[in-house]
Amino acid sequence: MSKVDSSQIDRQKYHEDLVKYADKAFEKDAFPKRYCFILTNLCNLACNFCFQERKKKHDAMTKDEWLSVIDSLPADSRITLTGGEPVVFKGFQEIFKRACEKFEVNIITNGILLTEELIDFMLQFKNFKVLSVSIDNRNNSIRKIANLKEKNWDQKWGHAEKMMAYFQKKKSEIGHACTLDSKTTILDENAKDLFDIHLYCLEDLNCDTHAFQFLKGHPIQHADIMFKKEDIFSKHDAHVYKDFDIIVSELKKVKEYNIKNKRWGFLHPSASSIMDPAEEFNIDSMNKKDLDKKSFKPCKAPWQSVHINTDGNVFPCMAIPMGNIREGYDKVFNGQRFKEFRDIIRNEGLVEGCNRCGWLKPSS
């Protein structure tokens, strides 16, 4: 099946615009464009490979506090709602509605709690741009194994599949351009199945795009547990895949399929394109335990994106608290801690905490 639709093109354009925006923001030290709301660290699943703490926080942000944050963000921002599982947050729909009324919005979810009513609600808003569902293998059975206490996984994932089909049907009926994206973490357990997972996501589930994510190389990246500033310089060995030659082979099949069928896929970090026929495929840097600064461009992620944790702590790509959003976003972003962090990245280009970060861009 061959298809390229406006939702795929819109997503590609957004990524290109985000990179251009970061270049300008880097020069002016301006506010980032993307704001990742970790609405909650709670989740309806308990995957044993998850890096987040699934403990109820006494100081968690309330619905009204999140609404105030939305009202305080710069014009032309883009909001990503995530968790934990964002749908379990009791004020989710009100937050989603307010965010869509002002900005473009993405959601990252495990898909289990989607319902027809929730999908109908979300598709009312033209600013709803991407629904991303995490899928680690066909039928998501790795998550079944990871959730040892789950007794009804097959039924629950079957429901998620039906909801993705409903989402695509409904958006087609009403002419909505929202992208249904699938995200797969590359593991030793699914290395030999990457191409099959790609087919499952794009053909069986009819997703518009499919992104592969290598395991991050440092625990400080995008965590909900805060670290000390000096930890960004601490060395941490990235995971070395046991059968990397198989991963390379599988991703080459993915690329060939994408080119032949005009389908869309991405790698994070973007060590190589799995869509561009003119680009040589080389991902050797993704299986090194150490950070090779020469292989990547200096990072501008702090000028692209910022996270707001469930307790209000603001942090950039690395989980170093810059202040609490309750103090006011302008005060946090223009505060001394954030300035010092941006100066470090500006001067160093990359630090040890950047090892195999999803924002890395190849130097050539």
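The values are calculated or read from the model by the stated rules, or taken from the named source; none is laboratory data. Quantities reported herein were computed from a predicted structural model and do not represent experimental measurements. We place every Cβ from the backbone using ideal geometry, glycine too, and count neighbours over all the protein chains shown. Note: accessible area is taken over every heavy atom of the protein model, side chains too, but ligands, DNA and RNA are not part of it. Shrake-Rupley method; radii C 1.70, N 1.55, O 1.52, S 1.80 Å.
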Inter-centroid distance (Cα atoms) of region 83-123 relative to region 212-244, Å: 28
Flagged as over-length at 30 Å C-alpha distance, from K183/K331; K192/K229; K56/K97; K169/K260; K102/K289, the pairs are K183/K331; K192/K229; K102/K289
Distance-filtered residues of region 265-285 - backbone nitrogen under 13 Å, label point 7 angstrom along I246 Cα→Cβ: none
Between E279 and D330, the FRET efficiency computed from the C-beta separation at R0 = 56 Å comes out, to the nearest 0.05, as 0.85
Solvent exposure ordering (accessible area, 1.4 Å, most first) of R356, R346: R346, R356
So for R0 = 22 Å, FRET eff. of E340-K20 from the Cβ-Cβ r, to 0.05, ends up at 0.25
List the extent of the Cα atoms of region 203-295 along each of their three principal axes, largest first, rounded to whole Å. 47, 26, 24
Over 32 Å between Cα atoms: which of K90/K151; K33/K293; K129/K235; K90/K162; K156/K300 fall into that group? K129/K235; K156/K300
May I have the convex hull volume per residue, in Å³, for the Cα set of region 290-342? 88
With a ≥ b ≥ c from the Cα gyration tensor eigenvalues, square-rooted, and the rule rounded for a/c under 1.5, otherwise prolate when a/b > b/c and oblate otherwise, the chain is rounded
Between A319, A75, A30, find the one with the highest GNM mean-square fluctuation for the chain; connect C-alpha pairs within less than 10 Å. A75
Under 20 Å between alpha carbons, and skipping anything fewer than 8 positions from K171 in its own chain: which aspartates and glutamates qualify? D5, D10, E101, E104, E116, E117, D120, E161, D181, E203, D204, D208
Alpha carbon centre of region 251-314 versus region 173-211: separation in Å? 16
Only helical DSSP H runs with n ≥ 4 go in: add -39500 (n - 2.57) per run for the chain, normalise by residue count and round the 222 nm mean residue ellipticity to 500 deg cm²/dmol. -10500 deg cm²/dmol
Nearest 5 is fine: what % of DSSP beta bridges in the chain come out antiparallel, could you say? 15
